[in-house]
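In what follows, a structure is listed as structure tokens, so that the remarks can point back to it.
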Amino acid sequence: MSKTTLRKRISLVAVSALTAGVLSAVVAPAANANIYNSSNADATQSKLNVALVGSTGNLTGAPVISADATGVTSYKSHALLYKDASSTTAQTATVLAGGTLVLYTLSDATTATSVGFTATGGSFGTTVYDNNSDAIATGEWSADKKSLAVLSGTAVAVTWAAGTTAGTYTINSYLSTASAPSIEGVATVTNGTLFGGITVTVVAAAATAGPVVANSTCSVATAATNSPASLDTSAAFMNGYSAYINLALKDAYEAVNSTEGNIVVTATNGAVVNIGTGSVAAGTASTVVAYGKGTSGDDNSIRVSQGTTGAPVTTTVTITFNGSTICTKTITIRGVPATIAISSVSSVAPSGNSATANWLADGTNRDAHMYIQLKDSAGNTVLPGSSNDGTNGDTEFAIDSASITNLITSVDVASGDQATSVSSSLLPWNYTAATYTCGSSQYGSQKVTVKHTSASTGKVITGTFDARCAGAAYTYTASFDKASYVQGEVATLTVKFLDSKGNAANSVTSPSSSGTTVLSVPMMTRVSSLPASTTLTKADGTLALTYTVSLDTAGVTAGAYNGIIDFPALTAVAATKQTVAYKVTTGGDTTTNADVLKSIVALIASINKQIQALQKLILKR
């Protein structure tokens, strides 16, 4: 079978089970300079460069170093398998045993008069070139050829032979102001300034061809790309959208994978996949096979889509190359809205839909009465007014016609108050903020149904909430949650606000709209903030304040107390200051002298009754 035939995509309904192991992650490769390059970079001042190799790898040829007119662009290392992209002090390279690196650099004549090289193994060549002229630069070597000093104010090139012993070696380069090279100069070459360093791994044989997971990138994105990111996208995939897994397969030397093979992609839970490059069409099956390299421009993008239109899916996609698992990714694509959740509902003033941002107080500055959240059939948050559901979000929410009464006339969502994100870092925007309108001079409660109509499908879903219309705070009552407290306990003071008709007040008008609230509660320390002009009650008209029984240095004096609760804005009109009675104890023996005396009197009385009864019994006899 020809490669052309093999390259055709094969959509399979089922394939034999794959036994390759599942890997939890694929790491991004380090920066890599393509070792197959016919044109090296020009010599750079104070940078240690390694010449690359020709398009065939230069595995059987010889190193190329000369002072011809083409300069460094013609240089070639021999048997170089890998070189990272750096040219400073933390370089890495891999070379076959018996191979040779060609090193080149440019010294600065104004600050340095010589360049020094050292190596922990191998040997520097006996010929050093100044590639800006045809002259051979003056150099001095140590006896073992592991140190070299070169007098030069221009570009310097030298060979380093790796030797035949596999292992790891270090090459360093220094700039120095030393005079002409000499044996003494070589001995002190490390006194210069270190500007380049290479850790060279010498291997007996090249690694097996094909992709290596640790060096490859396999990342989830919102679109196909030839340059995958090192991390998966944080974006959520909405109904009707596809996810993409982009590949950049690298070999053992972090070079682009050059080996062709069978790429098999499988997806679970009914998701469909396709593989290609550039614009990848949506798949039609849960398994697809291609023959390629999994690299830029060659079957390097996998498109993952819903198997059933509108249905949410969470799928695990496994990608193998010639039977070995390259990576697995778990992807969720959300479905169409299936349910409505309504929460944080406030009570509203009659004759309108006045609201304040203090009610939701979520940092978005949306003045609304409640949250509405859409979810798909799997419970995932989905968005209104987006291309997955429609385009005109402010008209998608409305009150159900059966809920329209004189009490409640509408439910509204401003275009800027819609949910716009499903990110946990933007949690308030997972929710749509909505208002409802109370009829003119209407008071009371009613269950209201809200409907959401999908602009793209026409599907209608509904949710309900309890609406309540009430006036502003007019009077109030106050009470503690217990009649008696022990030092260190937490006490809750609940203030219940009523409107002028005796109903629980609404939660859109602050009961502390003017005047400073006075809360005098002896032997207790208030934990809650003092009610202010922005403080709103709960939907039932109550305000809860938290106290602790005093733990200050003065301690607690056991006894009975009365707290005074005063909201001046209300008591100045119709309300009455509230007095709240309570007791506090230290938690020890609370028996008083009066209690003891009372017990003694009761005991004497009981004894007298017994004596009198005994006397009557004796007289009868």
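Rule-based calculations on the coordinates, nothing more; no lab input. Keep in mind it's a predicted model, so treat the numbers as computed, not measured. Note: ideal-geometry Cβ built from the backbone for every residue, glycine included; neighbour counts use all protein chains shown.
If you take all other residues with their beta carbon under 14 Å from the beta carbon of Ile331, and give Lys and Arg +1 and Asp and Glu -1, the sum is +2. Count charges around Val601 for me, please; just the other residues with Cβ under 14 Å from its Cβ, Lys/Arg as +1, Asp/Glu as -1. Net of charged neighbours comes to +1. Residue-wise HN-Hα couplings along segment 300-310, as the Karplus relation 6.51 cos²θ - 1.76 cosθ + 1.60 with θ = phi - 60° gives them from phi, are 10, 9, 10, 9, 10, 9, 5, x, 10, 4, x Hz; Gly and Pro carry x.
Only lysines eight or more places from Lys293 in sequence, or on another chain, were considered; those with a Cα closer than 23 Å are Lys3, Lys8, Lys83, Lys250, Lys329.
A Förster distance of 35 Å, applied to the separation of the beta-carbon atoms of Thr316 and Ala85, puts the FRET efficiency at 0.55.
Please report how far the C-alpha centroid of segment 268-338 lies from that of segment 196-217, rounded to the nearest whole angstrom. Computed from Cα coordinates, the inter-centre distance equals 30 Å. For Lys577, a cut-off of 22 angstrom between C-alpha atoms picks up these lysines, skipping any fewer than 8 places away in its own chain: Lys482, Lys496, Lys501, Lys538. Translational diffusion of segment 189-303 was estimated from the Stokes-Einstein equation, with Rh taken as the Kirkwood radius over Cα pairs; at 20 °C and 1.002 mPa s the coefficient is 133 µm²/s. Using a cut-off of 20 Å between alpha-carbon atoms, which lysines can reach Lys451, once sequence neighbours fewer than 8 places away in the same chain are excluded? Correct list for Lys451: Lys375, Lys459. Computed from phi, the 3J(HN,Hα) profile of segment 89-96 under the Karplus parametrisation 6.51, -1.76, 1.60 (θ = phi - 60°) reads 9, 10, 7, 9, 8, 10, 9, 5 Hz, with x in place of Gly and Pro.
Summing Lys and Arg as +1 and Asp and Glu as -1 over all other residues whose Cβ lies under 14 Å from the Cβ of Lys250 gives a net charge of -2. Under 5 Å between amide hydrogens, built in the peptide plane, is the criterion, and for Tyr476 it picks out Leu498, Thr576 among residues at least 5 positions away or on other chains. Taking amide H as placed 1.01 Å from N in the peptide plane, Tyr82 has its amide H under 5 Å from the amide H of Thr94, each at least 5 places away in sequence or on another chain. Percent of Cα pairs in segment 475-585 per distance bin of 5 Å, from zero to the largest separation: 2, 12, 22, 25, 16, 11, 8, 3, 0, 0.
Look at where the Cα atoms of segment 434-451 and of segment 340-388 average out, and the two centres are 15 Å apart.
Among Leu543, Leu498, Leu426, sorting on how many other beta-carbon atoms sit within 10 Å of each Cβ, with the fewest leading, yields Leu426, Leu498, Leu543. Listed by Cβ neighbour count within 10 Å, with the fewest neighbours leading, Ile65, Ile611 appear as Ile611, Ile65.
As a rough footprinting exposure proxy, the listed residues Phe465, Phe567 were ranked by other beta carbons within 10 Å of their own, and the order from fewest upward is Phe465, Phe567.
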